[in-house]
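Enquirer: My questions all concern the structure below.
The values are calculated or read from the model by the stated rules, or taken from the named source; none is laboratory data. This structure is a prediction, so every number in the text was calculated from the model and none was measured. Neighbour counts run over all protein chains shown; Cβ positions are idealised from the backbone, glycine included.
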Amino acid sequence: MDLTAKQLSTQSYQVVLYRRALHPELFDLRDRRVVGLGGYELESWVMPGNHVLRFGFGELCATELVIDREDDLPSTGVVTAFPCAGEKDYEHFFEAEGVNYLVTVQTEVLSENLYLATHREMTEHVQENDSQFFAWDNDSGPNLTILDVEPRRSEIHIESYHLVASGGFVLRTQTIFEITAD
């Protein structure tokens, strides 16, 4: 793992929140799931090292994109975009629909041994929790993207994990879409 690979991994990831849907043909989609409860629907897409969450409630369509590139992304409907380096919290209230969006982002760069141990642990997690995931290998080693979705009556919690062998990079996000409208 060289310093350049570490810097690229941590600097290129970003969260983009849209007030609209995104088209699947823009991405290397590997798995898709849809869940709904209490009048909302969440569609989740897993891609190598990336994910999309499309939340629908009434007239609201909000989409979270976590991606490792900045080019060729739609600019229409962007609410916010920010890099995933370090630890960050972000909150946005969709006032007209009474929906609160919260996300927490944490990144780490691990040594090769610690990365491989974390990868093994997360592979076991996938098997125990029926997580949505995509695993792949490249010249740098084993990689893994995981989404855990927990629907509740008036909110939905999503945890994501992106493990990228190049640089020992681990990105974790915790997202909540919370319906506050009566």
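Enquirer: Hey, V78 hits all of (1) in contact (Cβ under 8 Å) with a residue 60 or more places away in the chain; (2) in contact with a helix residue (DSSP H, G or I) (Cβ under 8 Å, 6 or more places away or on another chain) but one; which does it fall short on?
Expert: Condition not satisfied by V78: (2).
Enquirer: With respect to the numbered conditions (1) among the hydrophobic types (A, V, I, L, M, F, W, C); (2) in contact with a helix residue (DSSP H, G or I) (Cβ under 8 Å, 6 or more places away or on another chain); (3) in a strand (DSSP E or B), which one is the sole condition not fulfilled by V105?
Expert: (2)
Enquirer: Looking only at the stretch 94-139, count how many residues are in contact (Cβ under 8 Å) with a residue 40 or more places away in the chain and either among the β-branched types (V, I, T) or at negative phi (or both).
Expert: 25
Enquirer: Just to verify a result, which residue in the stretch 169-182, among those that are hydrophobic (A, V, I, L, M, F, W, C) and closer than 15 Å to P83 by Cβ, is surrounded by the fewest Cβ atoms within 10 Å (Cβ to Cβ)?
Expert: If we take residues in the stretch 169-182 being hydrophobic (A, V, I, L, M, F, W, C) and closer than 15 Å to P83 by Cβ, then L171 is surrounded by the fewest Cβ atoms within 10 Å (Cβ to Cβ).
Enquirer: What residue, of V79, V66, V105, is touching a Lys or Arg at 6+ places or on another chain (Cβ under 6 Å), closer than 23 Å to L144 by Cβ and either at pLDDT 95 or above or not aromatic (F, W, Y) (or both)?
Expert: V105
Enquirer: Does S166 satisfy the criteria of being surrounded by fewer than 21 Cβ atoms within 10 Å (Cβ to Cβ), within 18 Å of R33 (Cα to Cα) and touching a helix residue (DSSP H, G or I) at 6+ places or on another chain (Cβ under 7 Å)? Walk me through how you get there before you give the answer.
Expert: On the way: surrounded by fewer than 21 Cβ atoms within 10 Å (Cβ to Cβ): yes; within 18 Å of R33 (Cα to Cα): no; touching a helix residue (DSSP H, G or I) at 6+ places or on another chain (Cβ under 7 Å): yes.
So S166 fails the test.
Enquirer: Take the residues in the stretch 115-165 that are among the β-branched types (V, I, T) and not in a strand (DSSP E or B); name whichever of them is farthest from D31 (Cα to Cα).
Expert: Among residues in the stretch 115-165 that are among the β-branched types (V, I, T) and not in a strand (DSSP E or B), the one farthest from D31 (Cα to Cα) is T118.
Enquirer: Would you call V15 out of contact with any Pro (no Cβ under 6 Å at 6 or more places or on another chain) and within 14 Å of I158 (Cβ to Cβ)?
Expert: The answer is yes for V15.
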